[in-house]
Amino acid sequence: MKTVQLSGSPRANVGKKDAKAVRNSGNVPCVLYGTGEQMYFAVRQIDIQKIVVSPDVFIVELDIEGTKKTGVIQELQMHPVKDTVQHVDFLELVANKPVVMGIPVKLVGRSKGVLNGGRLQQVFRRLKVQALPKDLPDEIEIDITPIKIGDSRRVSDVVIPGVTLLDPSNAVVVSVKMARGAANTDDEEEGAATEESTEEAAAE
């Protein structure tokens, strides 16, 4: 998984009043938990905003005034109007301890069904996975090239070494639906084969 560096400063006080003061100074209150005592700190709004607006997910290498920690974002609080980050919860990573994360789904290829006029439907933009930090993928890639009209790819079709998918196995991740004017290639091929057989019989 991609990594990104983020610097922060410890917070001496914790509470709504302190969090408000942190935000007013252009910073974002954060907490790191997962391996023992929680660590409260603040990061610059401009720095964390770059991370959270990205479609990618990252392992974050934190430097809190010389204290080095590694974590992943587990929860975000956003301002309902300004769309700025209000609070971030980080989960500290441990090499031999599995972590649960939502990983982006990336579709590659050109679906046969779409080329024949079908409509692509992507149900999941992210899939929830469990894996050791070293096995966490940057993204979950699904090749949609073979998907015809009426076909789909389910969670059970996704196999990644070292990774357990936690969403329901029968849940549809992506599918191609019939659209008005769409052609079913299987039907066309079958019809062409039948017509060819009829012509050969007539010739005999």
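Brief remarks follow.
- When restricted to residues that are among the acidic types (Asp, Glu) and at pLDDT 90 or above, segment 37-55 contains 1.
- Qualifying residue in segment 37-57 (condition: buried (at least 18 other Cβ atoms within 10 Å of the Cβ), among the hydroxyl-bearing types (Ser, Thr, Tyr) and not assigned by TED's automatic domain parsing to the domain that holds ARG125): yes
- Residue match in segment 145-154 (condition: under 20 Å from ILE59 (Cα atoms), surrounded by fewer than 19 Cβ atoms within 10 Å (Cβ to Cβ) and not polar (S, T, N, Q)): no
- Among the candidates ASP83, ASP63, residue that is at pLDDT 90 or above and acidic (Asp, Glu): ASP63
- Checking each residue of segment 78-93 against the condition of being surrounded by 13 or more Cβ atoms within 10 Å (Cβ to Cβ), within 27 Å of PRO137 (Cβ to Cβ), touching a residue at least 12 places away in the same chain (Cβ under 8 Å) and out of contact with any strand residue (DSSP E or B) (no Cβ under 7 Å at 6 or more places or on another chain) gives no match.
- Condition check for GLY162: assigned by TED's automatic domain parsing to the domain that holds VAL114, assigned to a loop (DSSP other than H, G, I, E, B) and within 14 Å of GLN121 (Cα to Cα): no
- Strands (runs of 3 or more DSSP E) fully within segment 20-66 that include at least 2 residues being touching a Cys at 6+ places or on another chain (Cβ under 8 Å) and within 15 Å of PHE90 (Cα to Cα): 39-44.
- Whether a residue is touching a Phe, Trp or Tyr at 6+ places or on another chain (Cβ under 9 Å), at pLDDT 95 or above and either not in a strand (DSSP E or B) or not small (Gly, Ala, Ser) (or both) was assessed, and VAL105 passes this test.
- Residue that is surrounded by the fewest Cβ atoms within 10 Å (Cβ to Cβ), among those in segment 58-77 that are of a type in the set (Val, Ile, Thr) and under 25 Å from GLY162 (Cα atoms): THR70
Quick grid of which residues meet (1) basic (Lys, Arg); (2) without any contact (Cβ under 8 Å) to a residue 60 or more places away in the chain:
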residue: GLY102; (1), (2): no, yes
residue: GLY109; (1), (2): no, yes
residue: ASN116; (1), (2): no, no
residue: GLN122; (1), (2): no, yes
residue: ARG125; (1), (2): yes, yes
residue: LYS128; (1), (2): yes, yes
residue: PRO133; (1), (2): no, no
residue: GLU139; (1), (2): no, no
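The values are calculated or read from the model by the stated rules, or taken from the named source; none is laboratory data. Keep in mind it's a predicted model, so treat the numbers as computed, not measured. Neighbour counts run over all protein chains shown; Cβ positions are idealised from the backbone, glycine included.
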